[in-house]
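The values are calculated or read from the model by the stated rules, or taken from the named source; none is laboratory data. Because the structure is predicted, anything quoted here is derived from the model rather than measured. No Cβ is skipped: glycine too gets one built from the backbone with ideal geometry, and neighbour counts run over all protein chains shown. Remember, those area values only see protein heavy atoms, side chains included, never the ligands or the DNA or RNA. Shrake-Rupley method; radii C 1.70, N 1.55, O 1.52, S 1.80 Å.
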Amino acid sequence: MGADKLGARVRKYREDRSLSREELADAAGLKTEFIAALEDDNLYPSIGPLQKLARALNVRLGTFMDDAVSRDPIVSRQGDREADLTMQKARNKCAAFRFHSLGKGKSDRNMEPFFIEICPEPVEDRKLSSHQGEEFILVNKGSIRVVYGKEEHVLGPGDSIYYNSIVPHYVGAEGDAPAEIYAVIYYP
């Protein structure tokens with residue numbers, strides 16, 4: 001699904017549960033202004049807050065990105081990929097992250113596999129996030145910087161990292177060139 005539908009989908013799940021924006025924000029541990037920006041303007045900083053919303057609404061993160069269609073096996077062809085989720089920057093509207101769901105269509109999945117295109121972003125826009133679960137990342141193209149707690153790692157093509165995502169972390173393109181990664185996120 002495109003980013004233009006994400007805010008509407010979150011609003012639908014919130015309204016289906018008869019929750020106000022304030023109640024959802026409270027349940028998710030987020031600010032009401034964040035819920036308003038997401039629903040009205042499709043602005044959101046990272047996947048961490050979306051996971052908190054999914055938990056508060058009692059749905060999988062993938063529910064925001066695809067309709068419930070259960071198939072096995074799921075085959076994802078490289079040439080058929082379209083961005084399912086675009087993380088926009090609030091100030092300049094530049095898409096810092098473009099997520100391509102590789103598990104779309106499997107509604108009983110326990111992992112969220114993605115191909116992610118990452119554009120460089122200013123240092124001041126780099127924010128740590130944390131959420132339940134684990135993440136595995138394999139760099140496909142370019143270089144990425146991973147901040148994990150107080151550690152920092154720069155990874156290149158073929159390098160990988162696997163970590164507990166409850167520890168505050170940041171993943172972004174290193175330098176001035178875009179990067180591509182494959183990532184699998186597991187939420188218990």
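Taking region 14-25 only, how many residues are open to solvent by 50 Å² or more (accessible area, probe 1.4 Å), within 13 Å of A54 (Cα to Cα) and part of a helix (DSSP H, G or I)?
Here is the first cut: in region 14-25, the ones open to solvent by 50 Å² or more (accessible area, probe 1.4 Å) are 15-18, 21-23.
This time we only want the ones that are within 13 Å of A54 (Cα to Cα), so: 17.
Then drop every residue that is not part of a helix (DSSP H, G or I), which leaves none.
The number of residues fulfilling the criteria is 0.
Note on region 142-188: residues that are closer than 19 Å to K127 by Cβ, open to solvent by 40 Å² or more (accessible area, probe 1.4 Å) and not in a loop (DSSP other than H, G, I, E, B) total 7. Within region 103-113, not a single residue is modelled with pLDDT of 85 or more, open to solvent by 40 Å² or more (accessible area, probe 1.4 Å), out of contact with any His (no Cβ under 6 Å at 6 or more places or on another chain) and outside any strand (DSSP E or B). For region 26-43, the candidate set comprises residues that are surrounded by 14 or more Cβ atoms within 10 Å (Cβ to Cβ) and out of contact with any helix residue (DSSP H, G or I) (no Cβ under 7 Å at 6 or more places or on another chain); within that set, the residue that is farthest from L57 (Cα to Cα) is A37. Residue pairs whose Cβ atoms lie under 7 Å apart, sitting 6 or more positions apart in sequence or on different chains, and linking a residue in region 164-182 that is farther than 12 Å from G142 by Cβ to a partner that is among the hydroxyl-bearing types (S, T, Y) and in a loop (DSSP other than H, G, I, E, B), are S165/S130; I166/S130; V167/S130; P168/S130; H169/S130.
Take the conditions at pLDDT below 85 and either of a type in the set (D, E) or in contact with an Asp or Glu (Cβ under 6 Å, 6 or more places away or on another chain) (or both) and apply them to G62. Does it pass?
Details: at pLDDT below 85: yes; either of a type in the set (D, E) or in contact with an Asp or Glu (Cβ under 6 Å, 6 or more places away or on another chain) (or both): yes.
Against the criterion (at pLDDT below 85 and either of a type in the set (D, E) or in contact with an Asp or Glu (Cβ under 6 Å, 6 or more places away or on another chain) (or both)), G62 qualifies.
Being open to solvent by less than 90 Å² (accessible area, probe 1.4 Å) and assigned to a helix (DSSP H, G or I) is the filter; apply it to region 1-13 and report the residue that is farthest from L57 (Cα to Cα). Per the stated criteria, the residue is A3.
Results for (1) at pLDDT 90 or above; (2) part of a loop (DSSP other than H, G, I, E, B); (3) open to solvent by 20 Å² or more (accessible area, probe 1.4 Å), shown as yes or no for each residue.
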residue	(1), (2), (3)
V69	no, yes, yes
M87	no, no, no
H100	no, no, no
E124	no, no, yes
E135	yes, no, no
L138	yes, no, yes
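Please specify each residue of region 26-56 satisfying the condition of being outside any helix (DSSP H, G or I), at pLDDT 85 or above and not aliphatic (A, V, I, L, M). If the condition is that a residue be outside any helix (DSSP H, G or I), at pLDDT 85 or above and not aliphatic (A, V, I, L, M), then G29, K31 are the ones that fit.
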